[in-house]
Amino acid sequence: MALLEVIALDARDAVAAQEGGADRVELVADMAADGLSPSPGTVAAVLAAVDIPVRVMIRLTDGFAARNLDELARRTVDLKDAGAREFVLGFLSPDGRVDLEATRRIVEAIGGAPWTFHRAIDHCTDRAALRAAIADLPGLDTILTAGAAGGVEDGIDTLITETGGPQRILAGGGLRLDHLSRLRAAGIDAFHIGSAARPHGWGAPVSGRAVRSWRNAVDEQTH
């Protein structure tokens with residue numbers, strides 16, 4: 001079955017996503033900064049509200065630099081203590097390569113838990129080199145990517161060439177319903193939506209109806 005992941009900011013969003021048929025939520029805060037770590041309290045509330053898996057963002061500042069690695073590691077421990085068991089992360093060095101020191105430090109802190117390397121890959125200087133560098137890190141099972149910094153519309157050709165490899169490709173970043181058929185035909189079976197689940201914008205909650213329309217469309221492409 002194809003996977004549908006929905007961005008949630010709080011328990012209300014997560015409940016709507018689950019009711020709409022999402023398989024998983026990505027829990028973040030502050031989408032004005034493109035998604036930062038939620039508070040431990042929000043993590044606990046979301047985990048108490050839904051039964052589907054919740055992947056929690058580990059990111060303290062806008063951009064893809066790890067910056068204060070000690071603070072990042074402390075926040076990771078706080079999120080784990082709040083119940084987080086799956087994570088989303090990814091860090092780049094100033095030259096646009098993967099920051100392996102930071103990534104390994106946080107991977108060690110999450111203790112082998114499953115995690116997604118997020119759209120930092122769409123902003124790196126060498127996608128193939130990044131994938132090779134992170135391929136054997138423990139717990140890594142997913143790469144969230146649009147194929148390009150500008151989104152799926154710009155990166156769909158790249159996405160289609162990257163379906164091989166040990167990690168599942170999770171297509172997201174400006175993803176539209178009309179992209180699905182081409183992505184599914186290429187073997188991509190995991191999809192990530194944010195604004196598409198919020199027809200009234202980020203100031204409004206996730207719409208269970210919008211999520212259901214995506215669930216139906218994804219399932220139709222699967223058969």
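The values are calculated or read from the model by the stated rules, or taken from the named source; none is laboratory data. Bear in mind that the values here come from a model prediction, so they are computed numbers and not experimental data. Neighbour counts run over all protein chains shown; Cβ positions are idealised from the backbone, glycine included. Note: areas computed on protein heavy atoms with side chains; ligands, DNA, RNA excluded. Shrake-Rupley method; radii C 1.70, N 1.55, O 1.52, S 1.80 Å.
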### Enumeration of residues in the stretch 1-43 that are more than 15 Å from the chain's Cα centre (by Cα) and of a type in the set (A, V, I, L, M)
MET1, ALA2, ALA11, VAL15, ALA16, ALA32, VAL43
### Message
Looking for something closer than 21 Å to ASP13 by Cβ, without any contact (Cβ under 8 Å) to a residue 40 or more places away in the chain and touching a helix residue (DSSP H, G or I) at 6+ places or on another chain (Cβ under 6 Å) - is there at least one such residue anywhere in the stretch 31-41?
### Response
no
### Message
Which of the helices (runs of 4 or more DSSP H) found entirely inside the stretch 117-223 contain at least 1 residues meeting this: charged (D, E, K, R) and open to solvent by less than 40 Å² (accessible area, probe 1.4 Å)?
### Response
127-134, 208-222
### Message
Just to check your reading of the model, which residue among ALA129, ALA102, ALA148 is within 23 Å of PHE191 (Cα to Cα) and of a type in the set (Gly, Ala, Ser)?
### Response
ALA148
#### Entry: Checking VAL15 against (1) within 19 Å of ASP122 (Cα to Cα); (2) touching a helix residue (DSSP H, G or I) at 6+ places or on another chain (Cβ under 9 Å), the condition it does not meet
(1)
